[in-house]
Amino acid sequence: QVQLVESGGGLVQAGGSLRLSCAASGSIFSINAMGWYRQAPGKQRELVAFILSGGTTNYADSVKGRFTISRDNAKNTVYLQMNSLKPEDTAVYYCHVFARAMGVTLYEHYWGQGTQVTVSS
């Protein structure tokens, strides 16, 4: 019903930048929240940032001041600009969308396949 396609991961040196993108497609009626989670080896998946349809944002303390989340509602796309990257930012980053599909009455959680971000020291 709703498919998410992520792009933009890769390998970068500490202090560098990357920009992640996630495009939602399919039978979308409405998207509420869009965001990014990450999971490092041996750790639980954690919230990085999210943005609501009205533009309200929220960030994990560990990324505040370094990462910026934004969205293009016309394109159903969410972005994560990551600056001043640190080795501890290394993880698989997952796009998350809380959306309502066509013909469905409830909002549901949808996840992307994940994109690897590796920050070398």
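What the table shows:
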{"read-out": "For the chain, accessible area per residue (1.4 Å probe, heavy atoms of protein chains only), Å²", "value": "52 Å²"}
{"read-out": "List PHE29, PHE98, PHE67, ordered by accessible area with a 1.4 Å probe, largest first", "value": "PHE29, PHE98, PHE67"}
{"read-out": "Reachable lysines, given that their alpha-carbon falls under 27 Å from the alpha-carbon of LYS43 and they are not under 8 places away in the same chain", "value": "LYS64, LYS86"}
{"read-out": "All aspartates and glutamates inside 16 Å of LYS75 as judged from Cα atoms, apart from same-chain residues fewer than 8 positions distant", "value": "GLU6"}
{"read-out": "Solvent exposure ordering (accessible area, 1.4 Å, most first) of TYR93, TYR110", "value": "TYR110, TYR93"}
{"read-out": "Note, ³J(HN,Hα) from phi for the range 55-61, Karplus 6.51, -1.76, 1.60, rounded to Hz, x at Gly and Pro", "value": "x, 4, 10, 8, 10, 5, 4"}
{"read-out": "Among GLY42, GLY54, GLY103, residue whose mean-square fluctuation peaks in a GNM of the chain (springs only between Cα atoms under 10 Å)", "value": "GLY42"}
{"read-out": "Fraction in percent of alpha-carbon pairs per bin - 10 Å, the chain", "value": "14, 47, 29, 9, 1"}
{"read-out": "The chain - percent relative contact order, Cα under 8 Å, separation 6 or more", "value": "36 percent"}
{"read-out": "Rounded to whole Hz, the Karplus (6.51, -1.76, 1.60) HN-Hα couplings of the range 28-41, x for glycine and proline", "value": "9, 8, 7, 10, 8, 9, 10, x, 10, 10, 9, 9, 8, x"}
{"read-out": "Share of carbon and sulfur in the accessible heavy-atom surface of the chain [1.4 Å probe, %]", "value": "49 percent"}
{"read-out": "Residue among SER84, SER70, SER62 with the largest mean-square fluctuation in a Gaussian network model of the chain, springs linking Cα atoms under 10 Å", "value": "SER62"}
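The values are calculated or read from the model by the stated rules, or taken from the named source; none is laboratory data. For clarity, every value in this text was computed on a predicted model and none was experimentally measured. The accessibility values were calculated without ligands, DNA or RNA, using every heavy atom of the protein model including side chains. Shrake-Rupley method; radii C 1.70, N 1.55, O 1.52, S 1.80 Å.
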